[in-house]
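Contents: one structure, followed by commentary.
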2 protein chains.
Amino acid sequence: MSVHGKQMRLGAFFMIPGHHVAAWRHPEAASADLMKLDFYKKLAATAERGKFDMIFLADGYAVSEKFPSALRHTVHTRPEPFTLLSALAAVTERIGLAATVSTTYNEPFHVARKFASLDHLSGGRAAWNVVTSNSEAEALNFSKDRHLQHDLRYGRAREFVDVVTGLWDSWEDEALVVDKETGIFLDSDKVHALDHKGEWFAVRGPLNIARPPQGHPVVIQAGSSESGKELAAETAEVIFTAWQTLAEAQAFYSDVKGRLARYGRSPDDLKIMPGVYPIIGRTEEEAEEKRELLRELIPEPAGVALLSSLISFDLSPYPVDGPLPELPQLKDVNGGKSRFQLLKDLAEREGLTIRGLYRRIAGARGHREIHGTPERIADQLEEWFRSGAADGFNIMPPFLPGGLDDFVELVVPELQRRGLFRTEYEGTTLREHLGLRRPLSRFGKQGQGQALVSSQ
Amino acid sequence: MSVHGKQMRLGAFFMIPGHHVAAWRHPEAASADLMKLDFYKKLAATAERGKFDMIFLADGYAVSEKFPSALRHTVHTRPEPFTLLSALAAVTERIGLAATVSTTYNEPFHVARKFASLDHLSGGRAAWNVVTSNSEAEALNFSKDRHLQHDLRYGRAREFVDVVTGLWDSWEDEALVVDKETGIFLDSDKVHALDHKGEWFAVRGPLNIARPPQGHPVVIQAGSSESGKELAAETAEVIFTAWQTLAEAQAFYSDVKGRLARYGRSPDDLKIMPGVYPIIGRTEEEAEEKRELLRELIPEPAGVALLSSLISFDLSPYPVDGPLPELPQLKDVNGGKSRFQLLKDLAEREGLTIRGLYRRIAGARGHREIHGTPERIADQLEEWFRSGAADGFNIMPPFLPGGLDDFVELVVPELQRRGLFRTEYEGTTLREHLGLRRPLSRFGKQGQGQALVSSQ
């Protein structure tokens, strides 16, 4: 994709008003504006000025009231990602737009359609971060008694992704004719019923929207469990992961890239982009002060609740200055399994108390935290990038807008000087930014599908 | 709302590339651009220049393959309304944004959340057009064997609207505190579980988004059947209807306004806005030529299919130049019952053949068609407005962008001269444009709800 050698991919992960659990208390955080579009317009303009590949938004479907004492101290209102990214499509030109949408409480037809729509309206810049929902509080908002067990969630997710990509394919690229003279709007031999009948879904199709400019909007996944890795190897084009150490990240990278061949895919067909939480100072001392300031702002109940929720285990009955209590076996955890293991290992490795652990992870939430001068930040990104641990990074600013401004003004120029990152967008679609092939429709010449008219 | 006496409300109903079934063949229709955001940005700017109360978008969840011979002649790809309106929120300032979302194949939590999000991001300009889905083709895209019968659809719709408005209320207006100093982000006594358990849904709540700026985004409905009218009297703030004659429209207007009192509502709490399909010429002859041109462009299979779909009865086996065949009894129609009756009456009243009827309704699809000079158009709007038939109109341009340009450049100034329509927006929210009160939260001081923390 570039004449300058292999380039790093960067996502701008907007968690509002910052990734740190106490970000909203930061003196520079725009906490009063977090429901206002103008705030996001400015963030998006900054990210696009920084030539990021994409803006990335997380999502969830509940206010968790599991830890009521933390409720009043934490941010529980944010724009719905799809609404927000659609709005930002109208005021940006090149940057990709990645929205998280769960497969657990949605319908594939709606999901296929809204991503296709965003892809059309943005000129080929949409990406879908596929997740499963694992909290009881979410289940209770969708007329369910409890959430799905881990394996069922992944079975449903696999079928869901298959239906969505099938619907994106249901119009071949050449289906639109739009000949005013003859009165032919579309070639009905190139619009196909999907006729999907599976364990979870029965979806007739076709989609009521033409094939997206990217063929398929880019598919992102985040699971790092065994089921998650296998699903990613089969269907993902970007993986967003959380690793603390180079060795772990390298092992994951080669594991997942090694699984691609069995699905007829090449290592370049999937980009691995671990999350990175950067605290940037013009000097090492300034970075350290910034880190300490955020730690001091954490209300204790919010820290304990965050940690409890990340490991799916209630820590509130235990002394906050004592060690982690005996935790369940990994196989009994019905939540993010890899995050559970990672945090347990981290506490053991560094001998942390509950308070020590939540202070340690209250920003990056299990992702890699790096801090220091712009050169030092760039060194740390370059190290992972050059040693088979990452194709790029999802950047998680501690607070907004300041944390993003720092990265764009101080770190991006350093990466560009090193020839590691683009100085201008070369393509127009997110696939082009990421160096991903445009997929063919499964209903093309070699496809198995029937035309809609003949299948009635 | 105005010092100039009672003002008309106007919606700009964008059906792309126009309301006429052959609009896409019109020489001036932007048929190649119908998936491009720039096209819609220009339309929205025109509507806002015309001081319309709102942009209105219809929706559906299937390519209907019921009439395969029509498939190739008609437009089956359009942006998903919510994606599109969210994008337009970023490039407009005042105009309302009304999206159609069905209660039949959606979840109330998602619907409440995305309208709340759009309302925040647009500064109080969102509206929800509540519809039920009644086609077999839609059911088959959502893992259902068949669609719901009429009464069940309305039962589900009533409960759906109740859950959505409850979720909008689940944060009281004063719930957000955002005090950086004390570390209190929200007042958890003012964030409430909904604990809804009904026939169709069990939804715990609260919503994970603060109360919308409008309290509730404006609720629009379109049903004109007995169940539709009753649901509207209970829950709607705008009704979008289809009437051919002044007498029918007056009867409907007084019927529905008369039902409001039993729900503790006043006549001003609900605005009735029939659809109007205007063909505007600088002279009567020019208007007539425009109408005839569109009629000539209708491919016969598309005309027959449109009519069949509007009356939920397949007309393709019958001679196109013969009369309508014997149709089912109204009680056996599982589709839009009022539209069925309206078209049957119209064919009888005007003695139309199948071809005559589809040529007659291929633009307005059962709504009122008016044509002529700008003065004549304004006369016809004014007559209904002044004689108790309408509080305003949903304007349905035959083709786009030309049909909207004509209305804004020629008809709006005429309405303004007559003191019937605003010359500038006076408020900032859609409720203010429409003259609707901002609803109180059901969980306010007199409300029955428990605070989230104490309800654990």
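Restricting B:Ala287, B:Ala251, B:Ala247, B:Ala305 to those that are under 29 Å from B:Pro397 (Cβ atoms), within 14 Å of another protein chain (Cβ to nearest Cβ) and assigned to a helix (DSSP H, G or I) reduces the list to B:Ala305. For segment A:160-191, the tally of residues that are within 22 Å of A:Thr235 (Cα to Cα) and more than 8 Å from every other protein chain (Cβ to nearest Cβ) stands at 13. The condition (being open to solvent by less than 40 Å² (accessible area, probe 1.4 Å), touching a strand residue (DSSP E or B) at 6+ places or on another chain (Cβ under 6 Å) and not aliphatic (A, V, I, L, M)) is satisfied by just one residue among A:His371, A:His367: A:His367.
Suppose we keep only residues that are under 14 Å from A:Val161 (Cα atoms) and among the acidic types (Asp, Glu) within segment A:218-238. Which one would you say is most open to solvent (accessible area, probe 1.4 Å)? Only one residue fits best here, namely A:Glu234.
Restricting attention to segment B:413-435, the residues that are within 21 Å of the chain's Cα centre (by Cα) and either among the charged types (D, E, K, R) or buried (at least 22 other Cβ atoms within 10 Å of the Cβ) (or both) total 7. Could you list, in sequence order, the residues of segment A:254-284 that are part of a helix (DSSP H, G or I), open to solvent by less than 70 Å² (accessible area, probe 1.4 Å) and either touching a Lys or Arg at 6+ places or on another chain (Cβ under 9 Å) or outside the structural domain of A:Gln380 (by TED's automatic domain parsing) (or both)? If the condition is that a residue be part of a helix (DSSP H, G or I), open to solvent by less than 70 Å² (accessible area, probe 1.4 Å) and either touching a Lys or Arg at 6+ places or on another chain (Cβ under 9 Å) or outside the structural domain of A:Gln380 (by TED's automatic domain parsing) (or both), then A:Asp255, A:Val256, A:Arg259, A:Asp269 are the ones that fit. The residues in segment B:137-158 that are more than 17 Å from B:Trp200 (Cα to Cα) and touching a residue at least 40 places away in the same chain (Cβ under 8 Å) can be counted, and the count is 4. Contact map, segment B:264-289: residues that are free of Cβ contacts under 8 Å to residues at least 24 places away in the same chain paired with residues that are surrounded by fewer than 22 Cβ atoms within 10 Å (Cβ to Cβ) and outside any strand (DSSP E or B), Cβ distance under 7 Å, separation 6+ or inter-chain. Pairs shown: B:Ser266/B:Leu260; B:Pro267/B:Lys257; B:Pro267/B:Leu260.
Residues considered: B:Ser316, B:Ser309, B:Ser338. Of these, the only one that is open to solvent by less than 50 Å² (accessible area, probe 1.4 Å), under 29 Å from B:Ser133 (Cβ atoms) and touching a Ser or Thr at 6+ places or on another chain (Cβ under 7 Å) is B:Ser338. Does A:Asp321 fit the bill of being more than 30 Å from A:Gly96 (Cα to Cα), open to solvent by 10 Å² or more (accessible area, probe 1.4 Å) and touching a strand residue (DSSP E or B) at 6+ places or on another chain (Cβ under 6 Å)? Spelling it out, A:Asp321 is indeed more than 30 Å from A:Gly96 (Cα to Cα), open to solvent by 10 Å² or more (accessible area, probe 1.4 Å) and touching a strand residue (DSSP E or B) at 6+ places or on another chain (Cβ under 6 Å). Of the conditions (1) at pLDDT 95 or above; (2) in a helix (DSSP H, G or I); (3) farther than 30 Å from A:Glu382 by Cβ, A:Asp321 clears all except one; give me its number. All conditions are met except number (2).
Yes or no, residue by residue, for (1) more than 8 Å from chain B (Cβ to nearest Cβ); (2) polar (S, T, N, Q); (3) surrounded by fewer than 24 Cβ atoms within 10 Å (Cβ to Cβ):
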residue	(1), (2), (3)
A:Gln7	yes, yes, yes
A:Leu10	yes, no, no
A:Phe14	yes, no, no
A:Gly18	yes, no, no
A:Arg25	no, no, no
A:Glu28	yes, no, yes
A:Leu34	yes, no, yes
A:Phe39	yes, no, yes
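None of B:Leu357, B:Leu410 is in contact (Cβ under 8 Å) with a residue 12 or more places away in the chain, outside the structural domain of B:Asp269 (by TED's automatic domain parsing) and over 15 Å from B:Met15 (Cα atoms) except B:Leu357. Going by what's in this entry, would B:Ile298 be described as crowded, with 20+ Cβ neighbours inside 10 Å and closer than 27 Å to B:Leu148 by Cα? Considered against the rule, which asks whether it is crowded, with 20+ Cβ neighbours inside 10 Å and closer than 27 Å to B:Leu148 by Cα, B:Ile298 comes out as no. Cβ separations smaller than 6 Å between residues 6+ apart or across chains give the following pairs from segment B:419-436 residues that are basic (Lys, Arg) to residues that are exposed (fewer than 15 other Cβ atoms within 10 Å of the Cβ): B:Arg431/B:Arg438. Taking the listed residues B:Leu315, B:Leu327, B:Leu342, the one that is touching a residue at least 12 places away in the same chain (Cβ under 8 Å) and within 24 Å of the chain's Cα centre (by Cα) is B:Leu342, with no other qualifying.
Being under 17 Å from B:Gly403 (Cβ atoms), assigned to a helix (DSSP H, G or I) and not assigned by TED's automatic domain parsing to the domain that holds B:Leu310, is that true of even one residue in segment B:48-57? For segment B:48-57, residues under 17 Å from B:Gly403 (Cβ atoms), assigned to a helix (DSSP H, G or I) and not assigned by TED's automatic domain parsing to the domain that holds B:Leu310: present. Could you list all residues from segment B:190-248 that are among the small types (Gly, Ala, Ser) and within 29 Å of A:Pro79 (Cβ to Cβ)? B:Ala193, B:Gly198, B:Ala202, B:Gly205, B:Ala210, B:Gly215, B:Ala222, B:Ala236 - these are the residues of segment B:190-248 that are among the small types (Gly, Ala, Ser) and within 29 Å of A:Pro79 (Cβ to Cβ).
Every residue, every condition in (1) surrounded by 24 or more Cβ atoms within 10 Å (Cβ to Cβ); (2) free of Cβ contacts under 8 Å to residues at least 12 places away in the same chain, yes or no:
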{"residue": "B:Gly50", "(1), (2)": "no, no"}
{"residue": "B:Phe56", "(1), (2)": "yes, no"}
{"residue": "B:Pro68", "(1), (2)": "no, yes"}
{"residue": "B:Thr74", "(1), (2)": "no, no"}
{"residue": "B:Leu85", "(1), (2)": "yes, no"}
{"residue": "B:Ser102", "(1), (2)": "no, no"}
{"residue": "B:His120", "(1), (2)": "yes, no"}
{"residue": "B:Gly166", "(1), (2)": "no, no"}
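Going through (1) open to solvent by 10 Å² or more (accessible area, probe 1.4 Å); (2) part of a loop (DSSP other than H, G, I, E, B) one by one, A:Thr241 falls short only on (1). So, A:Ala62, is that one at pLDDT below 95, in contact with a helix residue (DSSP H, G or I) (Cβ under 7 Å, 6 or more places away or on another chain) and either assigned by TED's automatic domain parsing to the domain that holds A:Leu152 or within 30 Å of A:Asp145 (Cβ to Cβ) (or both) or not? Considered against the rule, which asks whether it is at pLDDT below 95, in contact with a helix residue (DSSP H, G or I) (Cβ under 7 Å, 6 or more places away or on another chain) and either assigned by TED's automatic domain parsing to the domain that holds A:Leu152 or within 30 Å of A:Asp145 (Cβ to Cβ) (or both), A:Ala62 comes out as yes.
Taking the stated definitions as given, is B:Glu199 within 12 Å of chain A (Cβ to nearest Cβ), part of a loop (DSSP other than H, G, I, E, B) and not hydrophobic (A, V, I, L, M, F, W, C)? When the stated conditions are applied, B:Glu199 passes them. Taken together, the residues in segment A:211-238 that are under 17 Å from the mean Cα position of the chain (by Cα), of a type outside the set (A, V, I, L, M) and not in a helix (DSSP H, G or I) amount to 7. Does segment A:120-140 contain any residue that is in contact with a Leu (Cβ under 9 Å, 6 or more places away or on another chain) and under 16 Å from B:Asn106 (Cβ atoms)? Scanning segment A:120-140 turns up no residue that is in contact with a Leu (Cβ under 9 Å, 6 or more places away or on another chain) and under 16 Å from B:Asn106 (Cβ atoms). Among the residues that make up segment A:88-96, is at least one of them within 9 Å of chain B (Cβ to nearest Cβ), in contact with a His (Cβ under 8 Å, 6 or more places away or on another chain) and crowded, with 21+ Cβ neighbours inside 10 Å? Within segment A:88-96, not a single residue is within 9 Å of chain B (Cβ to nearest Cβ), in contact with a His (Cβ under 8 Å, 6 or more places away or on another chain) and crowded, with 21+ Cβ neighbours inside 10 Å.
The values are calculated or read from the model by the stated rules, or taken from the named source; none is laboratory data. Computed from a prediction, not measured in an experiment: that's the story for all the values here. Every residue, glycine among them, receives a Cβ derived from its backbone with ideal geometry; neighbour counts consider all protein chains shown. For accessibility, only protein heavy atoms count, side chains too; no ligands or nucleic acids. Shrake-Rupley method; radii C 1.70, N 1.55, O 1.52, S 1.80 Å.
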